[in-house]
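The structure appears below as C-alpha cells.
What follows draws every value from the coordinates through simple rules; no lab data is involved. Not measured: the values here are computed from a predicted model. Please note: Cβ atoms are built from the backbone with ideal geometry, for glycine as well, and neighbour counts cover all protein chains shown.
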Amino acid sequence: MTGSVVAAVPDPGVTGSEVTPGPTETLPEPTPSTDAPTTPAADPTVAPTETTSAEPEPVPTVTVTQEPASPTPAPTETVVVEVPWTHEPASAGSTIPLGAVITALVVLVVAATALVLALRRNRGVRPMGAIAAAALEPGATTTEIGVLDDAHAVAIPGEVPGDTVETVRFLMLLGEAMIDSSAPVVQVTRTLERVAAINGAPDVEVIALPTALLVSVPGRTTTQTAASSAGWRQLRLHQVQDVLGVADDAESGRVGPVEGAQRIETAVAAPPLYGGATRILGYVGVSAGLAMILGGGLVDVLVAAVLGAAIACLQVATVRLPAAYQALVVLSCAFVVAGAVFLLSRTGIDVGMLAPLVAPLVTFLPGALLTTAAIDLATRQMIAGSARLAAGVMQLVLLALGIVGAAALVGVPASEVGSAAYQPLGWAGPWIGVLVYGTGVVFHNCARRPALPWILLVLVVAYAGQVVGGLFFGGVFSAFIGALLMTPVAMFAATRPTGPPALVGFLPGFWLLVPGALGLVGVTSILGDGAQALSTVVTAGTTMVAISLGVLAGIALGTAVGRRAGLAVEKF
C-alpha cells in the first residue's frame, strides 16, 4: 500500500505542468480503489499525450481577442480633409459642347500656323515709306497703345514747313473724320500730333472729345487755333478705311495737307458702295447670324431675319431724318420688334425671347460705343470715356423703354427677355452664325469685298478665343481672351495688300462680342423689376472692361510680334 501511495503523487504534478485542463475534472482517478496501483504504473507517459492532443483549441482564441485594441480609429480622421475655400475650376462646370471646343482649338491652331508662315514669307507688306523711316529716330519706342512716341516724330530734315493755315485745316478734317469713325480719342490725338510734326508743327496742341475737336498750332508771331463739332455722323466701313488710309499716308509723309484734305472730303462725301436692296439683305444676314450666335433655334432665326428686314427698311426710309429725331426712331424700332416677339410668344409658338429680340436691334446696340468708352477710360481719357459711356447707356435706356412698353401692352413680363431658345441649333449653329454675320456686316456696312475674308478671319478667331476662354476662365474673362486674340490678327491683316485697316477689323469684332446685348437685357430687367438685373448689368460692365483690356494687350502683343518679324504694323 505504501508503494501505491508514492506512485499516485507524481501523476497530478506531471499533468498540471504540461497541459492546464484542470477545471474540467471528468476523470475518475481521485477515487481510492484497489485497482489504483496497477493502472498508473503501467502507462504514466501515455495519459498526458492523449489529453494534450484532445484539447488544444482554447489557447489561440484567447490570444486573437487580446491583440486588435489600439490601431483601428486612426485612419478615418486623417483621410477626409475639407477646405472651405476650395472651388471647382471653370472647366469642370462648363456647359460648352465638346464639338465647339474642338472646333475652336482647330481654328486657333490653323490661324496661328497661317500667321507664322505669312510672317516668315514677309511678302506683299505695305511699305513703311522711306520718308517716314528717315523722319523717325532708330530708337523709337511704342506707347501703351502701340503708337510711336511723339518725341520721335520730328519734321523731315531739309523740308520747309508748309502753310500753317492749310496744316490746321487738314488736321481738323482728319480729326473730325477719325472721331466719326469711332476711333478712340487717344488714337486721334496721337495721329494728329504726328501728322503736325511731320508737317513742321511739332508744338501742336490737340484736344479731342467725342463731340468736339480743338487744334492749336503756335507760330513765330501768331497762333492758329481752330475748333469744330464732331461725332454727329456715322461713317461706313469703306469710308473708315479711306480716312485711316489718308492718316497712314500723312503720318508717313506721303501726302501733304492740301492733298490730304481733298482726300478726306472725298471719303466723307462718298456714297454707299452697295444699293439699298443689297444693304437690306446684308442686315438680314446680320440679324440671322447674331441669332445663331446667341443660341437661337430655327424659329428664332427666321423671326430675327424677318424683323431684321423690317428694321433695315425703316433705317433706309429714315436715313435723312434730322439727328434730333433719331431717338424716336430707336424707341419705335424697339417697340415694334418687342411687340412682335411677345405676341408670337403668347400664341404658343416655340420661340425664345433673347435671340429674336436682340438680333434685329443689333444696329442700335452700342457695343462698339461702350467698348470704345472703356478703352478711353483705360487710357486715362476720362472726359471722352465718360461722355461715350453716358451716350451708350442712354441708347440702352431708349431700347429698354420700347421693350418694356411692348411688354406691358402685350402682357409679358419684361424680366423674361433673357430666356433662351427651346430648340437650339446645336454646337455648329454659332459657328455658321459667325460666317453669316460677318458676310452681312460687310454688305450692310459697305466694307470693300477684298476685306471680306480678313473680316471673317478676325471674327472666327474672336469667337474661337471666346469659346476657349469660356471653357477655362468663365464667361466674363472669355471676352478678354477673344479680344486679345483677334487684335493681332486685325493688325496683321492691315499689313496685307487687300487687308482693311485695324479699326475696320475691330468694329465687327466689338459687335460680335455683344456687350450691348448684355446691357440691354440688364437694363430691361431693371425696368421690368427683374430679380437678376443688377448682376446682369455688372456682367455687361465687366465684359466691356475685359474687351478693352484685351484690345490693349493685343495691340502690345501685335506690335511686338510685328517688330520682331520686321513688319510695318499699322499704328492704332
Quiz prompt | Centre separation in Å (Cα based) which lies between the range 250-276 and the range 430-468 | solution = 26
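Based on other C-beta atoms within 10 Å, arrange T221, T189, T103 from fewest to most. Don't skip to the end; give the middle numbers.
On the way: T221 5, T189 22, T103 19.
Going from least to most buried by this count: T221, T103, T189.
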Practice problem: Sort the range 196-264 into rounded, prolate or oblate with this rule: let a ≥ b ≥ c be the square roots of the eigenvalues of the Cα gyration tensor; rounded if a/c is under 1.5, and if a/c is not under 1.5, prolate when a/b is larger than b/c, oblate otherwise. | Solution: oblate
Quiz item: Hey, what do the phi angles of the range 245-259 turn into as Karplus ³J(HN,Hα) couplings, whole Hz, using 6.51/-1.76/1.60 and θ = phi - 60°, x for Gly and Pro?
Solution: x, 5, 4, 5, 5, 5, 5, 8, x, 7, 9, x, x, 5, 5
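Can you sort T498, T487, T379 from fewest to most other Cβ atoms within 10 Å of each residue's own Cβ?
Details: T498 13, T487 28, T379 20.
Ordered from fewest to most neighbouring Cβ atoms within 10 Å, T498, T487, T379 come out as T498, T379, T487.
Among 246-253, 230-237, how do they line up by average Cβ neighbours within 10 Å per residue, starting with the highest?
On the way: 246-253: 23.1, 230-237: 16.9.
Ranked from most to least packed, the peptides come out as 246-253, 230-237.
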Quiz item: Which whole-Hz couplings ³J(HN,Hα) result when phi for each residue of the range 437-448 is put into the Karplus expression 6.51 cos²θ - 1.76 cosθ + 1.60, θ = phi - 60°, listed in order with x for Gly and Pro?
Solution: 4, x, 5, x, 4, 4, 7, 6, 8, 6, 7, 6
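Can you tell me which of 552-559, 359-366, 288-295 comes out highest on packing, and rank the rest after it, using the mean Cβ neighbours within 10 Å? Mind dumping the intermediate values first?
Details: 552-559: 21.5, 359-366: 25.5, 288-295: 27.2.
For the peptides 552-559, 359-366, 288-295, the packing ranking is 288-295, 359-366, 552-559.
Using the Cα centre as the reference, give the magnitude of the dipole from point charges on the C-beta atoms of the range 202-290 (Lys, Arg: +1; Asp, Glu: -1; all else neutral), rounded to the nearest 20 debye. The partial results should precede the final answer.
Working: 6 positive and 8 negative charges, 69 e Å.
It comes to approximately 340 debye.
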Exercise. Estimate the FRET efficiency between E205 and R563 by the formula 1/(1 + (r/R0)^6), using the beta-carbon distance for r and 22 Å for R0, to the nearest 0.05.
Key: 0.15
Quiz item: Tell me, how many Å apart are the Cα centres for the range 96-113 and for the range 191-208?
Solution: 44
Quiz item: Once both labels are modelled 7 Å past Cα along the beta-carbon direction, what's the A112-L314 spacing in nm?
Solution: 4.5
Exercise. Please work out the FRET efficiency for the pair L302 and T278, using the Cβ-Cβ distance as r and a Förster radius of 22 Å; give the result to the nearest 0.05.
Key: 0.55
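Can you give the FRET efficiency to the nearest 0.05 for T222 and Q262, using r as the Cβ-Cβ distance and R₀ = 35 Å?
After rounding, the FRET efficiency stands at 0.85.
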